[in-house]
Amino acid sequence: MVVTGERDRPWLAHYPAGVPATLEYPSRPVYWLLEEAAARLPDRAAMRFFGHEWSYRELLALARRVSGALRRRGLQRGERVGLLLPNCPEYLPSLFGIWMAGGVAVPLNPLMVAEEVASLQESTQCRILICLDLLLPLVRNVGPGAPDVLVATRIDAYLPWWDRQLYRMARVQRLGLSGSLPANAIEWENFLTEGSETSEPEAVEGEDLANILPTGGTTGHPKAVMLTHRNLLSNAWQLYHWTGRRTGEDVILACLPFFHSYGLMCCGLSAVAMNGTIVLHHRFRADKVLRLIEQERPTIIPAVPAMLTAFNKELRRRKYNVAGVRSVISGGAALPQAVAEEFARHTGATVVEGYGLSEASPVTHAGPLDGSARPGTIGLPLPDTDAIIVDAETGTRLLPPGEVGELLIRGPQVMRGYWNNPEATAAALRDGWLYTGDLATQDADGFFRIVDRKKDLIITSGVNVYPGDVEAVLRRFEQVEDVAVFGVPDPDRGELVAAVVVPRPGISFNRRAFDAFARQHLEVHKRPRKVEVSQLPLPRNALGKVLRRLLREKFSGEDGEEMAESVPASAEAGASAPSAGTDHTPARASTPSDAAASAPPSPNR
């Protein structure tokens, strides 16, 4: 089916000065970004981690060693290699080394359970896995999904004294007193000796696969996105130009996990394209990260709203010197304007919102960094990126500015498809467009706003209700710390609006006052008819996005009376991920072992 209707690109008139509408992309593999950075600024700090530093020359040398070692272990062009790591110094050398060897990286979420890890390894046929030692219990040693070669890394040597002791205690707990590795495992340092700094990279093409990225989204049907070298390099190049082509001038805070496309692109690949210094951090805690910001003086912080909310709360409590931050790009979910404005007051930074999805490498939109960003929008499409709004029913009729419909994307960063899933690929990629599943609007100037997920749309008595709009209003109620809105079946109206509310700590939630607030500020069809109060954090995915699907499934009984007990705290989401909301810093693990996870809390896709 072909999208009909005339379209233009009004956003081009609102591009920041110096950002071109179209770019020339290097016809090179994505590892060229590292080679170019090392050639241009070899002594520039590429990575920092707890006071340890690696230059671009050293990073390239490590990547070449990994590449040579992988090929010595029999890696063939196009073979997959799993990465089960937090944001640590071994991640980027491993990633670039895989690509230099002609392999395909499969980033795995450290918060997965063993069955999920084995299933993904088996489905992608990962014969080699690079893994943090604390995560070895997640790796199957025999049977389907077991790797032939297991490279084990550890990060305790980098950590401060007390964290080092906690790490080693966790290691004993997970690996036993002997700390012995599985028979098929080799330690990282020994693995590197099998390669050489002079290893020549494998010649790969732009359309060759670079990443197979598992992504469950919010639908409960896990898929794996296939991203090519061209996809990743194009997106890094787009962001390099969007941020002003400041070669070798920026320091980028990397709290967002590299196993997610947002963290990999905005904290990793685009930073290498800028020849920037990447400050690695493996676990988000607002106070510790603010101290890290004081020490490292990052100029760019890719973030999610929950991170900014947690920062604001800590900055109200104590003064930190965070004035060096120049730009903050928030993604993962809607960024509350009050959160953005407060963080900008604390830091003097320009705070903008962006948008992306794993299927687009992931960034497609970003707010201008010249002060012209419009609050409440995800900004403008990046260079060479087309975006349109079509009717959600057929997906073929172009809608005029202001109308809500499904967002479609077309550009060089859009995926090849889903791994071994032609049906899902055909549904997502149609007539050259990526159907995002997100409901959005575009104004006359080309600024876009996400309204909600298509599958989260509530239809009650024939009227469309967008959960995100209702949540934005309910969060203004002074007793609400967090809230999720979703639809539940109703025989008379089709669906009813339901809400799970997390009250502010230390406050006795007044349901009558809440209902009165809803009556005052929401239209009749938008008011929650079923409300459950929960003292537990809302369940979130690895990026901190609220899992409305899980809430719908667990909203048991006619009146949802079991809700508070049946919805578990999403402890993992907070230990490891990011992507946009309020202070959802779900339960943190007590040892650096869970630092293996990697990031912060909050939702976009």
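The values are calculated or read from the model by the stated rules, or taken from the named source; none is laboratory data. Quick caveat: nothing in here was measured; it's all calculated off a predicted structure. Don't worry about glycine lacking a Cβ; one is built from the backbone with ideal geometry, like all the others, and counts go over all protein chains shown. Only protein heavy atoms, including side chains, enter the accessible area calculation; ligands, DNA and RNA are left aside. Shrake-Rupley method; radii C 1.70, N 1.55, O 1.52, S 1.80 Å.
Dipole of the range 222-318, Cα-centred, from +1 at each Lys and Arg C-beta and -1 at each Asp and Glu C-beta, to the nearest 20 debye?
That gives the range 222-318 a dipole magnitude of about 320 debye.
In the neighborhood of Pro20, defined by Cβ-to-Cβ distances under 11 Å, what is the net charge if each Lys or Arg adds +1 and each Asp or Glu adds -1?
Summing Lys and Arg as +1 and Asp and Glu as -1 gives -1.
Using +1 at the Cβ of each Lys and Arg and -1 at the Cβ of each Asp and Glu in the range 144-298, identify which of Phe191, Cys255, Pro201 lies farthest towards the dipole's positive end.
In the range 144-298, that residue is Cys255.
Express the relative contact order of the chain as a whole percentage, based on alpha carbon pairs under 8 Å and six or more residues apart in sequence.
15 percent
Could you give the length gained by full extension between Gln479 and Arg7, i.e. 0.36 nm per residue of separation minus their alpha carbon distance, to one decimal place?
Using 0.36 nm per residue and subtracting the Cα-Cα distance, I get 165.4 nm.
For the range 269-332 and the range 386-434, what is the centre-to-centre distance using only Cα atoms, to the nearest Å?
The range 269-332 and the range 386-434 have Cα centres spaced 33 Å from each other.
Which value, in Å², gives the accessible area per residue of the range 170-267 when a 1.4 Å probe is used on the protein heavy atoms?
38 Å²
Calculate, for His52 and Lys288, the FRET efficiency according to 1/(1 + (r/R0)^6) with r their C-beta to C-beta distance and R0 22 Å; round to the nearest 0.05.
Once rounded, the FRET efficiency stands at 0.85.
Past 23 Å, Cα to Cα, is the threshold; run Lys313/Lys454; Lys319/Lys545; Lys455/Lys526; Lys288/Lys554; Lys455/Lys554; Lys313/Lys554 against it and keep the listed order.
Lys313/Lys454; Lys319/Lys545; Lys288/Lys554; Lys313/Lys554
Taking the Cα centre of the range 1-80 as origin, work out the dipole magnitude from +1 charges on Lys and Arg Cβ and -1 charges on Asp and Glu Cβ, in debye rounded to 20.
Dipole size: approximately 580 debye.
Residues with beta-carbon under 12 Å from that of Phe191, excluding Phe191: net charge, scoring Lys, Arg +1 and Asp, Glu -1?
Local charge sum for Phe191: -1.
What is the set of long-range amide H partners of Glu481 at a cut-off below 5 Å, with H atoms built 1.01 Å from backbone N?
Long-range HN contacts for Glu481: Val502, Arg504.
Would you calculate the separation in nanometres between label points at Glu187 and His14, each defined as 7 Å from the Cα along the Cα-to-beta-carbon direction?
Going from the Glu187 label point to the His14 one covers 5.6 nm.
Please give the per residue accessible area of the range 1-152, computed with a probe of 1.4 Å over protein heavy atoms only, in Å².
For the range 1-152, the solvent-accessible area averages 39 Å² per residue.
Would you tally the net charge around Val279, using a Cβ to Cβ cut-off of less than 13 Å, leaving Val279 out, and scoring K and R as +1, D and E as -1?
0
Identify, among Cys267, Thr299, Asn141, the residue whose Cα sits farthest towards the positive end of the charge dipole of the chain, taking +1 on the Cβ of Lys and Arg and -1 on the Cβ of Asp and Glu, with the dipole about the Cα centre.
Thr299
Separation between the Asn141 and Thr247 pseudo-spin-labels, each 7 Å from Cα along Cα→Cβ, expressed in nm?
5.1 nm
Placing unit charges on C-beta atoms (Lys and Arg positive, Asp and Glu negative, everything else neutral), compute the dipole magnitude of the chain about its Cα centre in debye, rounded to 20.
Computed charge dipole of the chain: roughly 1140 debye.
Give me the percent of accessible area attributable to carbon and sulfur for the chain, probe 1.4 angstrom.
Accessible surface attributable to carbon and sulfur in the chain totals 48 percent.
Points 7 angstrom from Cα along the Cβ direction at Leu166 and Glu200: gap in nanometres?
Result: 4.8 nm between the two label points.
Along the charge dipole of the range 221-290, pointing to its positive end and built from +1/-1 on Cβ of Lys, Arg, Asp and Glu, which listed residue (Leu290, Leu239, Met226) has its Cα farthest out?
Met226
May I ask what percent, to the nearest 5, of DSSP beta bridges between residues of the chain are antiparallel?
In the chain, DSSP labels about 55 percent of beta bridges as antiparallel.
For the chain, what is the mean residue ellipticity at 222 nm derived from helices alone (per DSSP H run of n ≥ 4: -39500 (n - 2.57); sum divided by total residues; nearest 500 deg cm²/dmol)?
Mean residue ellipticity, 222 nm, calculated: -8000 deg cm²/dmol.
Taking amide H positions as placed 1.01 Å from N in the peptide plane, with prolines and chain starts having none, which residues 5 or more places from Gly417, or on another chain, fall under 5 Å of its amide H?
Excluding prolines and chain starts, which carry no amide H, the hits are Met226.
Pulled fully out, how much extra length does the chain show between Val463 and Arg397, if you take 0.36 nm times their separation in residues and subtract their Cα-Cα distance?
Additional length available on full extension: 21.7 nm.
Which GluC sites (Glu not before Pro) in the range 429-500 sit in a loop by DSSP (not H, G, I, E or B) and have at most 14 other Cβ atoms within 10 Å of their own Cβ?
Here the sparse-neighbourhood loop sites are Glu478.
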